[in-house]
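Readers should treat all values here as calculations from the given coordinates under stated rules, not as data from a laboratory. Bear in mind that the values here come from a model prediction, so they are computed numbers and not experimental data. Here Cβ is always computed from backbone atoms with ideal geometry, including for glycine, and neighbour counts include all displayed protein chains.
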Amino acid sequence: MNFRAVGTIYHFEMARAWRTLLQSLVSPVISTSLYFVVFGAAIGSRIQEVEGVSYGAFIVPGLIMLMLLTQSVSNASFGIFFPKFTGTIYEVLSAPVSYVEIVLGYVGAAATKSLILGAIILVTASFFVPLRIDHPAWMLLFLVLTALTFSLLGFIIGIWAEGFEKLQLVPLLIITPLTFLGGSFYSIDMLPPAWQTVTLLNPVVYLVSGFRWSFYGISDVSLGASLLMILVFLSLSLALVAWIFKTGYNIKP
């Protein structure tokens, strides 16, 4: 394993985040604050508690998961798309660096940025609502697995995309809607039975539910189902990345 190569790619991607600090960190914090103002004030005044947890505190895990999913995909997709767009990716591919090391560098940096963002949102949320974390180890596990999985998904999207329009297509039309409809801001038990069945087809439900369980010990689905879903996502993403490098799909002329 060429750790120097991995570290070089990783530090380069992290340096880009610090150069765009306002966009990378400050903007999501402002967005989080607005979510609490809108959802906490407008909806929280009508929904006092959900399963024994105040509504403001109930939406925190969903809000963190929303930001984590979208930012992981965005960071990783742009990180690999831009060198592909400018042609500098061929310098990386021609260097004595394995595909595993390339993925570790880009995906590791994207996941790190997402985890930092998740921690910042968690701290920001603590100023608005009282929080508790019943299972901190499980919370960290879900955070890390989710960040890695969706950073891999973003890496795949960055390879697949042939323009900036395609780069935003999946996050805007698939990831964000699935997250909003995945119980981020409500419990699926509040839905009619027929809609509960439909909602369970949304894979994001399992991620949000497992993450919320790590905070308050409440969930819409079992912990085992949540963990299984994220592991399936991770396995599929790894398999697809391996196929991309094996075939040279969209990265080799």
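Worth a mention:
- Amide H contacts of Val50: Tyr55, each under 5 Å away and 5 or more positions distant or on a separate chain (H built 1.01 Å from N in the peptide plane; Pro and chain starts excluded).
- Euclidean distance of C-alpha centroids, the range 198-253 and the range 54-98, integer Å: 15 Å
- Global geometry of the range 1-147, whether rounded, prolate or oblate, following the gyration tensor of its Cα atoms and the 1.5 cut on a/c: prolate
- Put a plus charge on the Cβ of each Lys and Arg, a minus charge on the Cβ of each Asp and Glu, and nothing anywhere else: the dipole of the range 3-247 about its Cα centre is then about 380 debye.
- Charge-dipole axis of the range 3-247 as Lys and Arg at +1 and Asp and Glu at -1 on Cβ define it, positive-most pick from His11, Val107, Ser33: His11
- In angstrom, the C-alpha Rg and Dmax of the range 172-217 are 10.5, 31.
- Over the residues of the chain, the helix contribution to mean residue ellipticity at 222 nm works out to -23000 deg cm²/dmol, using -39500 (n - 2.57) for each DSSP H run of at least 4.
- Using distinct alpha-carbon pairs, which all enter the 1/r mean, Kirkwood radius of the range 87-206 in Å: 17.2 Å
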